[in-house]
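What follows is calculated from the coordinates using simple rules that are stated; it is not laboratory data. Only a predicted model underlies this, so the values are computations on that prediction, with no experimental measurement involved. Note that each Cβ is placed from the backbone with ideal geometry, even for glycine, and that neighbours are counted across all protein chains shown.
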Amino acid sequence: MTKKITKTTIKSFIRKNLESMYIRNNSRFDGMYDCVTDCGDGSFRKAEQSIKHNDYTLGVDGAWFVNGSNNYFRPYEANGFKGYEVSNCCGNFILAIRECA
């Protein structure tokens, strides 16, 4: 039986792994077009700590969570990275760490 992934699961993952975490933004909300649009090349980059909008970023620059139950989480494991994929009305991104070889 798989454990249900919640926002608390993601908070714990961030707290334990922020120093070695990567983020890949697949899409994000674009106010110019008033919709979610694809991001550039979709490659992973080192996650940086954010102090702005901490209730929505959970301390990760480039991440954006919505309050309530409109975040969708699923495990991610590919290309040497392991973590979580997050989707909501503001976009889609992956928070992951490198897997040990």
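Observations on the model:
- Computed with the Debye formula from one identical point scatterer per Cα of region 7-98, without solvent, the log10 of I(q)/I(0) at q = 0.10, 0.13, 0.15, 0.26 Å⁻¹ comes to -0.23, -0.39, -0.52, -1.60.
- For CYS39, the residues whose modelled amide H falls within less than 5 Å of its own, excluding neighbours fewer than 5 places apart on the same chain, are SER27, ARG28.
- Virtual paramagnetic centre 7 Å along Cα→Cβ of ASN67, amide N under 20 Å, in region 2-16: 6-12
- For the chain, the longest principal axis of the alpha carbon atoms and the long axis of helix 7-17 meet at an angle near 60°.
- What you get for the chain, charging only the Cβ of Lys and Arg (+1) and of Asp and Glu (-1), is a dipole of about 500 debye around the Cα centre.
- Cβ crowding within 10 Å averaged over residues, with 58-68, 81-91 ranked highest first: 81-91, 58-68
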